[in-house]
1. Just a yes or no: is a residue in segment 22-36 of a type in the set (Ser, Thr, Tyr) and closer than 30 Å to residue 1 by Cα?
2. Please find, within segment 66-88, the residue that is nearest to residue 51 (Cα to Cα) out of those that are modelled with pLDDT of 85 or more and β-branched (Val, Ile, Thr).
Amino acid sequence: MGTRLANDAELAAKVDEWVTDAAACVVRNDRSEIAGVITETVERWDPRETTEKLELQVGRDAQFIRINGTVAGALAGVAIFTIATGVQAPVR
């Protein structure tokens with residue numbers, strides 16, 4: 001079946017639509033139960049162990065993500081400060 005789905009674009013599109021519709025229906029009807037399961041699962045995770053596993057999976061990219069977040073945050077802060085200062089400047 002996998003080979004047929006890989007080779008038949010029309011069939012793959014139909015199956016994709018069916019799966020998307022089914023997933024949307026499940027989410028619409030069982031949203032709170034799904035959220036409860038996810039919440040309970042995440043609450044049972046050990047923060048230190050989870051962090052170590054994520055860092056092993058993400059690897060060096062984690063450092064780039066941190067750096068990019070810092071740079072983006074700094075630029076947003078400068079932009080907000082500049083706009084706020086410009087708005088407060090007296091008009092002559």
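1. Taking segment 22-36 first, the residues of a type in the set (Ser, Thr, Tyr) are 32.
From what is left, the residues that are closer than 30 Å to residue 1 by Cα are none.
Within segment 22-36 (the criterion being of a type in the set (Ser, Thr, Tyr) and closer than 30 Å to residue 1 by Cα), the answer is no, since none of the residues qualifies.
2. Only one residue fits best here, namely 67.
The values are calculated or read from the model by the stated rules, or taken from the named source; none is laboratory data. Values in this document were obtained by computation on a predicted structure and should not be read as measured data.
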